[in-house]
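**Student:** One structure coming up, written as structure tokens, with questions to follow.
What follows draws every value from the coordinates through simple rules; no lab data is involved. Predicted model, so just to flag it, every value in this text is computed and none were measured. Please note: Cβ atoms are built from the backbone with ideal geometry, for glycine as well, and neighbour counts cover all protein chains shown.
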Amino acid sequence: MEPDDKNVETYAGFVPRFLAFIFDSIIIFAIVLAFFVFVVPFLYHPFPMLNNILSGPLVSDNSISFIFNMLFVLMEFFLIIQCFYVTVLESSSYQGTFGKMIFGLSVTDIAGSRISVIRAFVRGLGLIISFLLFCSGYILILFTKNKQGLHDIIAATYVIHRPENSGHPHAKTIAAIAVLTGLAFIVLWPSILSAVLPDFLEMTNPGWNKVTIKGDVNVLVNKTDENHINITYLGGPDAQAFTNLQVYATDDNQSEQLFWLKPQSNYRQVPAGTSMIINGSFKAPNRVRVYGNFKENASYLSHLLFDRQL
């Protein structure tokens with residue numbers, strides 16, 4: 001039955017739900033990072049394609065592509081884990097995520113009762129749809145009578161204020177501990193990653209850090225005049241390993257610029273004879289460095305092929 005007008009004020013508005021989402025995001029992001037550290041290494045062998053998907057950002061052409069690719073991968077995992085996170089907690093006797101517990105919010109059906117696992121899962125999928133529609137699904141909360149987002153409409157659910165949960169008197173404390181734990185893990189994640197990842201990679205991909213490619217290739221670098229530097233890749237015994245070359249050239253203003261010498265596809269080797277011309281102001285002796293990039297086992301590495309003042 002539709003709640004009568006005197007109970008309409010119990011519906012939770014946009015602001016408390018947004019704040020609850022911020023707290024939930026901390027926990028979900030911590031779970032995503034934990035997944036990358038403790039689960040992904042064990043999936044490389046049974047699921048080879050996962051290695052390509054996750055390592056794709058590491059071979060991006062430039063820093064901007066790297067950032068966008070990495071954010072895309074993280075967002076994919078965030079949305080997937082968010083779906084299961086809300087499914088488990090909102091269908092439980094707590095009737096809400098940890099963020100909602102902190103603000104005394106509960107997810108219910110039209111009768112104000114606990115929702116089923118299936119309905120919670122549908123609501124989780126609805127959250128993904130709301131996000132993919134440029135977050136417009138969340139904005140609906142501001143305009144609908146019962147303060148429903150698109151995901152609520154899809155799953156026929158409501159979010160209400162229920163400050164006191166008699167069945168779980170310590171819900172807010174548990175939720176606060178969960179948020180603080182997630183925040184601490186995010187802060188400590190770089191240290192945790194550096195400590196455990198080498199052991200995991202060695203266990204799941206033996207010899208991951210053993211480099212056999214010696215970088216036996218050559219490049220020809222010439223300053224043709226005061227405004228041009230010519231780079232030519234000559235190839236060599238290890239030529240089949242190199243997928244691109246990074247060229248760093250310092251101009252007369254001591255500004256170092258990055259250029260890429262590569263084939264059309266990042267994953268193909270650089271053909272011998274490939275060349276490029278760098279334009280700039282090179283009147284004074286200018287430093288030029290050329291690195292050849294390659295992948296061996298689970299590592300993306302590079303060799304310094306040229307470093308000289310021209």
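**Student:** Please list 3J(HN,Hα) in residue order for segment 250-261, calculated via the Karplus relation 6.51 cos²θ - 1.76 cosθ + 1.60 where θ = phi - 60°; whole Hz, with x for glycine and proline.
**Tutor:** Along segment 250-261, the couplings run 9, 8, 5, 8, 6, 9, 8, 10, 9, 10, 10, 10 Hz.
**Student:** Quick one: net charge of residue 175's neighbours, Cβ under 14 Å, K/R +1, D/E -1? Kindly include the intermediate steps, with their values, before the conclusion.
**Tutor:** On the way: positive: 100, 162, 172; negative: 24, 90.
Spelling it out: positives minus negatives among the neighbours equals +1.
**Student:** For residue 287, which sequence-distant residues (separation of 5 or more, or a different chain) have an amide H within less than 5 Å of its own amide H, given hydrogens modelled in the peptide plane?
**Tutor:** Hits under the 5 Å cutoff: 250, 310.
**Student:** Going by amide H atoms built from the backbone, whose H comes under 5 Å of the H on residue 305, apart from near neighbours?
**Tutor:** Residues meeting the criterion, in which the H sits 1.01 Å from N, are 290, 291, 292.
**Student:** Per residue of segment 123-129, in order, report the coupling 6.51 cos²θ - 1.76 cosθ + 1.60 (Karplus, θ = phi - 60°) as ³J(HN,Hα) in whole Hz, putting x for Gly and Pro.
**Tutor:** For segment 123-129, the Karplus-derived couplings read 5, x, 5, x, 4, 5, 4 Hz, x marking Gly and Pro.
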